[in-house]
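Quick notes on the structure that follows.
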Amino acid sequence: MQLTDSQITDYHEKGYLLLPNLFSFEETQKLVEETASLKIKGSSDVIWEEDQTNVRAFMGCHLKNKFYKNLVQQSRILGSAKQLLESDAYVYQFKINVKAAFKGEIWPWHQDFIYWYELDGMPSSRCVNISIFLDDCTEFNGPLWLIPESHNAGIIEAKSASRENDDWTRDVSADLSFKLDADTISKLVSKGGLVSPKGKAGTVLFFHPNIAHASLPNISPFERKILIVTYNSVENVPIAKASVRPWFLVNPDTTPEVETPTSLLSSVT
Ligand code: SIN
Ligand code: MN
């Protein structure tokens, strides 16, 4: 799949792009079904909510499961990532954020790139988040909130930053280490406004690693699962830092992904 010039311009200007119906309902169902094979208690790549009962996120799934590996090679997302990054790309992070009905917790205001720059040594923000909605995302079930154009601010100092050197668990928790403060958010919103892109399962949201974003706790009876693939340019591989985070936060395999002709539903699991 090829993004049009106006879609590419839109992404670069606003910091996000919403494409409805990029995946079929059957494909999203299969993407959900496969999570059953990932739910292993005690596995460090399964992140739990505070209650230790509900899954918050499945991480690094494409490195363990051939179906998800096939997904990251689908031209619909890999082709678009390569266009936006103007280079070959590899998967830096892969996660399925579950946000369980009634139980899914907050993702406080933050930017993603500050983690990758400060903690992993990624040189620049030449990477892109591609999020596939696995459930309908509505105003009720804790959709992402984004501040349009906030990516233009670059890395914003996170004044409340407090993080023990190698405590990566904070980076995926409801108490994030690099949170943006109220003043900063107010200023960014007064310039760019606030959006919460919504859509049916199968909708895809591209968002820039420097865009300020957040999501509320899910107090609805509806789950809100989204899958996020972060592609990084092969010309932007991290320069290793002393404290390296786990493989599912910083993929050590920087081999570029190659687009596959195998359709998602016929791929082997
Ligand atoms: C969310 O799942 O709502 C937040 C995802 C993110 O911050 O990357
Ligand atoms: Mn984020």
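The values are calculated or read from the model by the stated rules, or taken from the named source; none is laboratory data. The model shown is predicted, which means the values in this text are computed figures rather than measured ones. All Cβ positions, glycine included, derive from the backbone under ideal geometry; neighbour counts span all protein chains shown.
Which of the residues spanning the range 218-242 are within 16 Å of ligand 1 (Cβ to nearest atom) and free of Cβ contacts under 8 Å to residues at least 24 places away in the same chain?
none
Test Q2 against the criterion of being surrounded by fewer than 20 Cβ atoms within 10 Å (Cβ to Cβ), under 30 Å from G192 (Cα atoms) and more than 15 Å from the chain's Cα centre (by Cα), and give yes or no.
Values: surrounded by fewer than 20 Cβ atoms within 10 Å (Cβ to Cβ): yes; under 30 Å from G192 (Cα atoms): yes; more than 15 Å from the chain's Cα centre (by Cα): yes.
Spelling it out, Q2 is indeed surrounded by fewer than 20 Cβ atoms within 10 Å (Cβ to Cβ), under 30 Å from G192 (Cα atoms) and more than 15 Å from the chain's Cα centre (by Cα).
Condition first: part of a loop (DSSP other than H, G, I, E, B) and in contact with a helix residue (DSSP H, G or I) (Cβ under 7 Å, 6 or more places away or on another chain). Now tell me which residues in the range 122-139 satisfy that.
M122, S125, R126, L134 - these are the residues of the range 122-139 that are part of a loop (DSSP other than H, G, I, E, B) and in contact with a helix residue (DSSP H, G or I) (Cβ under 7 Å, 6 or more places away or on another chain).
Can you confirm whether the range 124-142 contains a residue that is surrounded by 18 or more Cβ atoms within 10 Å (Cβ to Cβ), among the aliphatic types (A, V, I, L, M) and away from ligand 1 (no atom under 14 Å from the Cβ)?
no
With the requirement that a residue be closer than 15 Å to E157 by Cβ and acidic (D, E), what does the range 170-200 give you?
D181, D183
Which helices (runs of 4 or more DSSP H) does the range 6-121 wholly contain that include 3 or more residues that are within 16 Å of ligand 2 (Cβ to nearest atom)? Walk me through how you get there before you give the answer.
Numbers: elements: 25-33, 66-72, 75-85, 113-118.
Hits in the range 6-121: 113-118.
Are there any pairs with C-beta distances below 9 angstrom linking a residue in the range 2-27 that is over 19 Å from L78 (Cβ atoms) to a residue that is among the basic types (K, R) and surrounded by 13 or more Cβ atoms within 10 Å (Cβ to Cβ), with the two at least 6 apart or on different chains, and if so which?
So the pair list comes out as P20/K200; F25/K200.
Can you work out which of the residues in the range 31-45 that are more than 20 Å from N232 (Cβ to Cβ) and buried (at least 18 other Cβ atoms within 10 Å of the Cβ) is modelled with the lowest pLDDT?
Only one residue tops the list, namely L38.
Taking the condition surrounded by 19 or more Cβ atoms within 10 Å (Cβ to Cβ) and at pLDDT 95 or above, does L176 pass?
no
Condition check: out of contact with any Pro (no Cβ under 7 Å at 6 or more places or on another chain) and at pLDDT 95 or above. Does I155 satisfy that? Give the derivation first.
Values: out of contact with any Pro (no Cβ under 7 Å at 6 or more places or on another chain): yes; at pLDDT 95 or above: yes.
Yes; evaluated as a whole, the condition is true for this residue.
Restricting to the range 232-242, what's the tally of residues that are in a loop (DSSP other than H, G, I, E, B) and modelled with pLDDT of 95 or more? Give the derivation first.
Restricting attention to the range 232-242, the residues satisfying the condition of being in a loop (DSSP other than H, G, I, E, B) are 234-242.
From what is left, the residues that are modelled with pLDDT of 95 or more are 234-238.
Of the residues in the range 232-242, 5 are in a loop (DSSP other than H, G, I, E, B) and modelled with pLDDT of 95 or more.
Looking only at residues in the range 220-263 that are crowded, with 20+ Cβ neighbours inside 10 Å and hydrophobic (A, V, I, L, M, F, W, C), which one is farthest from N97 (Cα to Cα)?
Residue satisfying both the conditions and the ranking: V250.
Report whether or not R245 is within 16 Å of ligand 1 (Cβ to nearest atom) and at pLDDT 95 or above.
no
Go through the range 174-217 and give me each residue that's β-branched (V, I, T) and either part of a loop (DSSP other than H, G, I, E, B) or within 16 Å of ligand 1 (Cβ to nearest atom) (or both).
If the condition is that a residue be β-branched (V, I, T) and either part of a loop (DSSP other than H, G, I, E, B) or within 16 Å of ligand 1 (Cβ to nearest atom) (or both), then I185, V195, T203, V204, I211 are the ones that fit.
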